[in-house]
Amino acid sequence: MTSMPPDCTPGPGSVDAVAMRTAMGRFATGVAVVTTTDGDVPHGMTVNSLTSVSLSPPLVLVCLTTGARTTEAVVTAGRFAVNVLSTRQEQLALRFARRGEDHFSGLPVKTGSHAVPVIPDALVHLECSVHHTLTAGDHDVVLGEVLKVCSRDGAPLGFLGGRFSDVVDRGHEPVPWFF
Ligand SMILES: Cc1cc2nc3c(=O)[nH]c(=O)nc-3n(C[C@H](O)[C@H](O)[C@H](O)COP(=O)(O)O)c2cc1C
């Protein structure tokens, strides 16, 4: 079986936003919402840049658009939650991706143990304190130390090629943890 030849950019300096989005869109991810509060005002944004960084100490990272409301609130508050969404929560993923809206309007939200809003029925809540941040290009990379983990079984919402997707378990034996 032959595969299609790849589309390649012609040379240095020719990697534009479309090429990056198309290429990275082939790297399937889950979908999460980063939530925090600025005083009494809750903020949240949909992300797929979530990465597990370290087990000891427990660290995760998210890449947040520099200057976005949620980014500024996360940095100011020094804490945030990561809410991993299920396939039932596609509408929430869309809601928290709309720019300039009150993302929490009419939404039942709980407060976690560390004074951050958490989204009910999410598969995972990670409550984090900001460990450190660095600016990289047009995003702020925010490393969070995980203070509390809650997780439940369910079907995770996927994101592939710019579309929401299902994540299919192939039913094989679990891969051994060697990292
Ligand atoms: C599936 C999906 C994944 C996204 N991932 C990110 C991300 O990792 N980082 C980011 O800054 N924006 C991401 N966005 C865009 C933000 O959700 C969007 O800009 C949001 O409106 C920002 O909220 P705010 O400006 O109200 O804080 C993503 C959007 C979608 C639909």
I'm told MET45 meets every condition in (1) within 11 Å of the ligand (Cβ to nearest atom); (2) within 26 Å of SER86 (Cβ to Cβ); (3) surrounded by fewer than 19 Cβ atoms within 10 Å (Cβ to Cβ) except one. Can you identify the failing condition by its number?
(3)
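Could you go through segment 68-80 and let me know if any residue there is closer than 21 Å to ALA155 by Cα, assigned to a loop (DSSP other than H, G, I, E, B), within 12 Å of the ligand (Cβ to nearest atom) and aliphatic (A, V, I, L, M).
First, the residues of segment 68-80 that are closer than 21 Å to ALA155 by Cα: none.
No: segment 68-80 contains no residue that is closer than 21 Å to ALA155 by Cα, assigned to a loop (DSSP other than H, G, I, E, B), within 12 Å of the ligand (Cβ to nearest atom) and aliphatic (A, V, I, L, M).
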What are the pairs, 6+ residues apart or on separate chains, where a residue within segment 132-159 that is under 27 Å from ALA17 (Cα atoms) and aromatic (Phe, Trp, Tyr) has its Cβ under 8 Å from a residue that is open to solvent by less than 60 Å² (accessible area, probe 1.4 Å) and part of a strand (DSSP E or B)?
PHE159/THR29; PHE159/GLY30; PHE159/SER165
Among what's in segment 134-179 and is closer than 25 Å to LEU94 by Cβ and of a type in the set (S, T, N, Q), pick the residue that is least open to solvent (accessible area, probe 1.4 Å).
SER165
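Which residues, taken from segment 1-57, are of a type in the set (Asp, Glu) and under 22 Å from GLY137 (Cβ atoms)? Full working, then the answer.
Within segment 1-57, the first condition is being of a type in the set (Asp, Glu), and the residues that meet it are 7, 16, 38, 40.
ASP16 - this is the single residue of segment 1-57 that is of a type in the set (Asp, Glu) and under 22 Å from GLY137 (Cβ atoms).
Please count how many residues of segment 86-108 are within 15 Å of the ligand (Cβ to nearest atom) and more than 12 Å from MET45 (Cα to Cα).
Going residue by residue through segment 86-108, those that are within 15 Å of the ligand (Cβ to nearest atom) are 86-87, 89-105, 107.
Those still in the list that are more than 12 Å from MET45 (Cα to Cα) too: 86-87, 89-91, 105, 107.
Number of matching residues: 7.
Considering segment 78-137 alone, what residues qualify as being basic (Lys, Arg) and touching a strand residue (DSSP E or B) at 6+ places or on another chain (Cβ under 6 Å)?
ARG79, LYS110
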Which residue pairs have Cβ atoms under 8 Å apart, sit 6 or more places apart or on different chains, and have a first residue in segment 2-25 that is at pLDDT 90 or above and a second that is surrounded by 11 or more Cβ atoms within 10 Å (Cβ to Cβ) and not in a loop (DSSP other than H, G, I, E, B)?
GLY25/LEU160
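The values are calculated or read from the model by the stated rules, or taken from the named source; none is laboratory data. On a predicted model such as this, the values are computed, not experimentally measured, just so you know. Cβ: placed from backbone, ideal geometry, glycine included. Neighbour counts: every protein chain shown. Areas reflect the complete protein model, heavy atoms only, side chains present, ligands, DNA and RNA absent. Shrake-Rupley method; radii C 1.70, N 1.55, O 1.52, S 1.80 Å.
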